[in-house]
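So the structure is just underneath, and the comments pick up after that.
What follows is calculated from the coordinates using simple rules that are stated; it is not laboratory data. Since the structure is predicted, the reported quantities are computational estimates derived from the model, not experimental observations. Neighbour counts are summed over all protein chains in view; Cβ atoms, including those assigned to glycine, are modelled from backbone coordinates with ideal geometry.
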Amino acid sequence: MTDFDLELKQITKIYPGGTLAVEAFDLQVEKGEFLSFVGPSGCGKTTTLRMIAGLEDITSGELYIRGVNNTHIKAEQRPTATIFQNYAIYPHMTVRQNIEFGLKIRKLSGSEIRQKTSNIIDLLDLGSVADARETSLSGGQRQRVALARGLVTEPEILLLDEPLGALDANLRRAIQDELKLLQKQLNITFVFVTHAQSEALGMGDRIVVMNSGRVEQIGASEDIYFNPQTPFVARFIGKNLLFEGAITSASGKIGAIKTPNGQFKGRLIGNAANNASGLMVVPSEYISFGKTSKKDVNTVKGNVELANFISNTVIIYLRLANGERTKIETHVAKLDGQDLNTGSELNCYWDFNKSSIMLSESNG
Ligand SMILES: Nc1ncnc2c1ncn2[C@@H]1O[C@H](COP(=O)(O)OP(=O)(O)OP(=O)(O)O)[C@@H](O)[C@H]1O
Ligand SMILES: [Mg+2]
């Protein structure tokens, strides 16, 4: 049997006040995976990370690290390191002393401490500021010091809780790439928490989408983006068009749904059942424009309210037959020959098998 680097079995957290923060969380992570946790504020991301780190008691369930039950192991005895959003760099210490600190606590020998610290300073290109103090560092340098402190202890698993939240957009982009390269180079398992969906999708080998203390979906970026399995994921991730209605056929692979904007067909997801309230989900990327005689496509038309050109991307707000407004984000080249002036009629179509039909939230 191969052991996972990290395994959560039905992990649940109820805070002393009674808040159910995380419920029956199951997760298996392979060595060297980069995992992103994403979800709205309060959905339990930090709580989960803190339980993995040992900073928060686990109410029920079990936590395994490399096959060893860590459920009741103290934080300092776990092979994990944590980097928080407001990484506290000790102001009275130099960069080098900050990095050495975790090794001193672990009572390594002086020569080991020097060796490991120098290696990590080289790796993260902090040589020029090794003797500086926090106040003279840039945002990106501070971020790298925080990373160095986490990495110098050679954790099996590095836990990062919105570590880039304090950085401006350009620096954030640059450090995202650095971080991902570093992770591949060191082959350390990363669990990275963010509430920015683009960051989660861009960084993670796999993405865990959380909602109200529960896992909604776990999968690779493309999977989460193009094949959402729940209404929550369809609304939270990606650029999906959504049509609510009643499911009228739910046998076989392709089902049907009747909506105020027409009858559509699509792949059936999960427990989609006849007569239930349903949701048709279509990624914007799969929409084509104009009239078509193709078979096995859904069609819908509307009137352009606004077409907003942002370099090669166009965002179209379309007023549909029933008065609902929908938003389509597409590539400018796909709109060749279409009249996008306000008020003009725009025809849209997409393949049955590029869209999906799932139970909507209103089934309770
Ligand atoms: N120490 C605590 N005591 C009681 N309740 C808490 C505590 N910490 C968090 N909670 C509650 O647990 C739930 C999950 O919180 P958590 O901090 O894990 O969310 P999060 O996903 O990290 O949110 P954010 O994106 O805002 O950081 C919330 O309802 C929160 O109010
Ligand atoms: Mg949090």
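Treating only the Cβ of Lys, Arg, Asp and Glu as charged (+1, +1, -1, -1), what charge dipole size does the range 6-226 show about its Cα centre? Round to the nearest 20 debye. Could you put the intermediate results ahead of the total?
On the way: 24 positive and 27 negative charges, 133 e Å.
So the magnitude is around 640 debye.
Cross-link partners of residue 327 among lysines, defined as those whose alpha carbon lies under 17 angstrom from its own and excluding same-chain residues fewer than eight positions apart: 239, 301. For residue 122, the shell of other residues with beta-carbons less than 13 Å away shows a net charge of +3, using +1 for Lys and Arg and -1 for Asp and Glu.
The range 210-252 and the range 46-106 have their alpha-carbon centroids 33 Å apart. Residue pairs exceeding 28 angstrom between C-alpha atoms, taken from 45/253; 13/74; 13/184; 9/45: 45/253; 13/184.
Counting other Cβ atoms within 10 Å, keep those with at most 14, restrict to DSSP loop, and tell me which trypsin sites (Lys or Arg not before Pro) in the range 271-356 are left. Answer in residue order: 291, 294, 295.
Short-range pairs are left out: with C-alpha atoms under 8 Å and at least six residues apart, the relative contact order of the chain is 15 percent. Under 5 Å from the amide H of residue 82 lie the amide H atoms of 159, each residue being 5 or more positions distant or on a separate chain, with H modelled from the backbone and absent for Pro and chain starts.
Extension gain for residue 212 to residue 342 (0.36 nm times residue separation, less C-alpha to C-alpha distance): 42.8 nm. Neighbours of residue 145 by Cβ distance under 10 Å: Lys/Arg scored +1, Asp/Glu scored -1, total +3.
Over the chain, dividing the summed -39,500 (n - 2.57) contributions of all DSSP H runs of at least 4 residues by the number of residues returns a 222 nm mean residue ellipticity of -7000 deg cm²/dmol.
Sort 120-133, 186-199 by the packing proxy (mean of other Cβ within 10 Å over each peptide's residues), most packed first.
Values: 120-133: 15.8, 186-199: 20.1.
Highest mean packing first, the order is 186-199, 120-133.
Counting only other residues whose beta carbon sits under 15 Å from that of residue 93, what net charge do I get with K and R as +1, D and E as -1?
Values: positive: 96, 104, 133, 142, 149; negative: 100, 131, 134.
With Lys, Arg at +1 and Asp, Glu at -1, the neighbours total +2.
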